[in-house]
Amino acid sequence: MTAKQTIEAGKAILGIEFGSTRIKAVLIDEENKPIAQGSHEWENQLVDGLWTYSVEAIWYGLQDCYADLRANVRKAYDTEIEILAAIGVSAMMHGYMAFNKEEKILVPFRTWRNTNTGRAAAELSQLFNYNIPLRWSISHLYQAILDNEEHVGDINFLTTLAGFIHWQITGQRVLGIGDASGMIPIDPETKQYSAEMVEKFDKLIAPKGYSWKLLDILPSVLSAGESAGFLTEEGAKRLDISGHLKPGIPVCPPEGDAGTGMVATNAVKQRTGNVSAGTSSFSMIVLEKDLSKPYEMIDMVTTPDGSLVAMVHCNNCTSDLNAWVNLFKEYQQLLGVPVDMNEVYGKLYNNALNGDADCGGLISYNYISGEPVTGLEEGRPLFVRSANDRFNLANFMRAHLYASVGVLKIGNDILFKEENVKVDRITGHGGLFKTKGVGQRILAAAIDSPISVMETAGEGGPWGMALLGAYLVNNPEKLSLPDFLDKVVFAGNTGVEIAPTAEDVAGFNKYIESYKACLGIEQAAVKCKK
């Protein structure tokens, strides 16, 4: 079928993802290739000291994104979307959306960026003997309880952003297992919320006398490939305000952006992993067995089919690096030289590879915001050098590239050096890898492992979500999710691999030791308010 015939026959599949700065929709054909896209730019708001997106902004963004997709389909194929084979919705993970029995939101959506949950996360981590991050839904819930917030007694349903959208378009209070694992830990045997931890939490809050217990208010957990409901008539109207989209379309379990990143990079099989490196960064390593003990800087989540994943999440990645590149752009404009940003990035990044493997002693701290992995509640971007360091452009740029994955290295060193985790393949995706070969080489040196980059990785999370839709409806042989991706979607394509050199690894190790030794400079800068 042509793309137009696929759309008109109702064989196309829609994946939608709510990212931090962009909502994106991807339409794929029966061969799992993108045939149309739509997007909507948006930004979070700081309201009463908490980062949020309003419910109005959520719906407007979704509808505008879908309208953009429709417009692009009409322009490219002169046809209208009326029926689809499947739909899937994903979003930035964790956070807190609490509703009463009238389905009204009780407090503004609290996103993953909020760090007001420190006491709750610490107490729950001790209670569960399991690392509970600040951004997890259970941390937000318990912090609201500790703060005696009045709304808690009225909670009828607690979910994530992806779970909210799915509920509103299908009527089903469910969540994909990957996203659910960021609400409260999942038992890898039962593939449901940990019964032991649920019981401990219920006992902990029993003196409060709420009318609910934890499982009463959480969404049901589903694995990839399980039915999660169908688009309702009301849901179709909410998604497509033009009224063309018909109800009855199967909708797959809603997922988090970490899960869709794993799918988009074919990294859901045990002993595989992926690194997403953009505004923030995170690595996801699919484990063969549980870690020997909990680590504060490693989050335990799952793949969309329930395998255990060690996640290192870093708040900062390329933002400070981009700011420095923009400084060079301004200098170029000052000289009256036409600016091509791809060329600017390409020249600066490639020149960095001519620098010393240890950056000549230069250090960069790219902390636009706080960084939990290194214990910083706030951030101050800093560039640090001594008079005797080898200060030149190549080392300067190399130091900032190293900084973009420095915190990621600190977390992954625990997995590879202390826990002796084995990995056969790690795939990189995101803005850091746009300049061919450079980000790959830097990351390979950082974690001392070969790094692959695939052309399709640029399609990102919404494509991964669409693939989960395909797994629901286009899997007659009932393959496992890893086999479906290996055999049907990627068909042997493992991308282009770059292995680390001994010199680069030794240089990065020397850099990171200086980086850790000098963290006191960053801490002092944070204390010095401006």
Pairwise label distance in nanometres, A387 with K329, each label 7 Å out on the Cα-Cβ vector: 3.7
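For a Förster distance of 30 Å, can you work out the FRET efficiency between the beta-carbons of D187 and L519, rounded to the nearest 0.05? Let's see the in-between values first.
Working: r = 36 Å, r/R0 = 1.21.
Calculated value: 0.25.
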Starting from the Cα-Cα distance between L353 and K246, subtract it from 0.36 nm times their residue separation and give me the gain in nm to one decimal. 33.2 nm
Rough spin-label spacing in nm, given labels placed 7 Å along Cα→Cβ, for V55 and T501: 5.8
Here the percent of antiparallel bridges among DSSP beta bridges lying wholly in the chain, to the nearest 5, is 70
K75: which aspartates and glutamates have alpha carbons under 14 Å from its alpha carbon, excluding same-chain residues fewer than 8 sequence positions away? none
Can you give the FRET efficiency to the nearest 0.05 for F416 and M341, using r as the Cβ-Cβ distance and R₀ = 45 Å? 0.85
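Give me the percent relative contact order of the stretch 263-304, please, defined on Cα pairs under 8 angstrom at least 6 residues apart.
Details: 32 pairs, mean separation 13.7, N = 42.
In percent, rounded to a whole number, it is 33.
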Based on DSSP H assignment, which helices of the chain show an axial Cα extent of at least 18 Å together with a mean Kyte-Doolittle hydropathy greater than or equal to 0.5? 460-473
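Once the other residues with Cβ under 11 Å from the Cβ of N129 are scored (Lys, Arg +1; Asp, Glu -1), what is the net sum?
Working: positive: K200, K293; negative: E196.
With Lys, Arg at +1 and Asp, Glu at -1, the neighbours total +1.
Normalised by the number of residues in the chain, what is the relative contact order in percent for Cα pairs under 8 Å and 6+ residues apart?
On the way: 1113 pairs, mean separation 79.3, N = 530.
About 15 percent, as a whole number.
When the accessible area of the stretch 288-441 is split by element with a 1.4 Å probe, what percent falls to carbon and sulfur?
Details: 3270 of 6660 Å².
Looking at the stretch 288-441 in its full context, I get 49 percent from C and S.
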Round to a whole angstrom and tell me the spacing of the C-alpha centers of the stretch 509-530 and the stretch 286-310. 29
Rounded to whole angstrom, the alpha-carbon centroid of the stretch 464-483 lies from that of the stretch 20-52 at a distance of 22
Report the relative contact order of the stretch 388-530, percent, no decimals, based on alpha-carbon pairs under 8 angstrom and at least 6 residues apart. 26
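The values are calculated or read from the model by the stated rules, or taken from the named source; none is laboratory data. The structure displayed is predicted, hence computed values, not measured ones. Cβ sites come from the backbone with ideal geometry, for glycine too, and all protein chains shown count toward neighbours. Ligands, DNA and RNA are stripped out before the accessible areas are found, and what is left, the full protein with its side chains, is counted by its heavy atoms. Shrake-Rupley method; radii C 1.70, N 1.55, O 1.52, S 1.80 Å.
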